[in-house]
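Below is one structure; the comments refer to it alone.
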Amino acid sequence: MRIDSETCIACELCLPYCPMGAISMDDVAVIDQEECVDCGVCLRSGVCPSDCFIEEAAPWPRSLRATFSNPLTVHKETRIAGRGTEEMKTNEVTGRFKRGWAGLGVEFGRPGIGTRFRDVDKVAQALAKAGVEFEPMNPVTRLMVDQSTGKINDEVLNEKVLSAIIECRFPLEKAPAVLGALKEAAKEIDTVFSVDFINRVEPDDSVPAERILTEIGIPPSINGKNNVGLGRPLAEGGD
Ligand code: SF4
Ligand code: SF4
């Protein structure tokens, strides 16, 4: 994103609209291109009385900023808009997480902070060492040069985005090692992440994730979500 300095009237109306705080005032408004994640909020807000915001297609690898930060863009490879797959919000869509398995969503970045892929890379490599399988249709997975190590393409490591999600799965017995790897990796990065820990409720209504988290000293969130499983896997008799 850039601002037309010829038409900017320095009204400052756009400043609070940028979720990254990337717009500041000189003689006119300017955008810090290192911090701008090309989310398009400034343009879509329509706040500028002079129509100063100009959005141009960025070359690779900067083009990643818009595809991860602007919800109106679609990832070319996965054909999905936004940060992750539909499965992250509705566990029953494809039956990805079988009984005895756990899923993990690691959601990097928040407005005001964002994330660079170098931090996503550090966590992905730590998770790979702990034995996870990365979700092939996730846009972060598509940036890996080797899914067995979680290594992300060096070309993109400095790119900054509003948010990115790692999606993976692993047998439940690996959960303590996987969550332990996450805790260690969190010490090495310059952003924040939240964790979605996903599993199937057992026939006796117990939730393996609750037991595992309690055993390793992580209090389960009271914001836990149960999906009732009205999707394809149960309709097809899947387990
Ligand atoms: S595109 Fe997004 S990050 Fe960049 S200046 Fe506009 S609002 Fe800020
Ligand atoms: S809203 Fe438009 S005219 Fe006002 S400071 Fe921002 S870019 Fe300049």
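The table for this structure:
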| read-out | value |
| --- | --- |
| Within the range 142-212, strands (runs of 3 or more DSSP E) holding 3 or more residues that are in contact (Cβ under 8 Å) with a residue 24 or more places away in the chain | 164-171, 193-199 |
| Boolean, C48 is within 10 Å of R2 (Cα to Cα), more than 9 Å from ligand 1 (Cβ to nearest atom) and open to solvent by less than 60 Å² (accessible area, probe 1.4 Å) | no |
| The range 14-25, subset among the hydrophobic types (A, V, I, L, M, F, W, C) and surrounded by fewer than 17 Cβ atoms within 10 Å (Cβ to Cβ), residue farthest from ligand 1 (Cβ to nearest atom) | M25 |
| Scan of the range 196-210 for residues that are at pLDDT below 90 and open to solvent by 60 Å² or more (accessible area, probe 1.4 Å), ordered by number | V201, P203, D205, E210 |
| Neighbours by Cβ (under 6 Å, 6+ apart or cross-chain): first from the range 19-34, among the hydrophobic types (A, V, I, L, M, F, W, C); second open to solvent by 60 Å² or more (accessible area, probe 1.4 Å) and away from ligand 2 (no atom under 11 Å from the Cβ) | A22/D32 |
| Residues satisfying the stated conditions in the range 26-37, i.e. surrounded by fewer than 13 Cβ atoms within 10 Å (Cβ to Cβ) and over 24 Å from G109 (Cβ atoms) | D26, D27 |
| Given (1) surrounded by 13 or more Cβ atoms within 10 Å (Cβ to Cβ); (2) closer than 23 Å to F68 by Cα, index of the condition C11 fails | (2) |
| Inter-residue pairs, beta-carbon under 7 Å, first open to solvent by 10 Å² or more (accessible area, probe 1.4 Å) and at pLDDT below 80 and in the range 83-111, second of a type in the set (A, V, I, L, M) and part of a strand (DSSP E or B), 6+ apart | R83/A164; R83/I165; G84/I165; M88/I165; N91/I198 |
| Residues satisfying the stated conditions in the range 26-45, i.e. among the hydrophobic types (A, V, I, L, M, F, W, C) and within 11 Å of ligand 1 (Cβ to nearest atom) | A29, V30, I31, C36, V37, C39, V41, C42, L43 |
| Residue list for the range 19-45, restricted to those being within 10 Å of ligand 2 (Cβ to nearest atom) and either in a loop (DSSP other than H, G, I, E, B) or β-branched (V, I, T) (or both) | I23, V28, V30, I31, S45 |
| Subset of the range 213-228 (residues that are in a loop (DSSP other than H, G, I, E, B), open to solvent by less than 100 Å² (accessible area, probe 1.4 Å) and either on the phi > 0 side of the Ramachandran plot or among the hydrophobic types (A, V, I, L, M, F, W, C) (or both)) | I216, G217, I218 |
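The values are calculated or read from the model by the stated rules, or taken from the named source; none is laboratory data. Fair warning: this is a prediction, and the values are worked out from it, not measured in the lab. Quick reminder, even Gly has a Cβ in these numbers, built from the backbone with ideal geometry, and neighbours come from all protein chains shown. Surface accessibility is based on the protein's heavy atoms, side chains included, excluding ligands, DNA and RNA. Shrake-Rupley method; radii C 1.70, N 1.55, O 1.52, S 1.80 Å.
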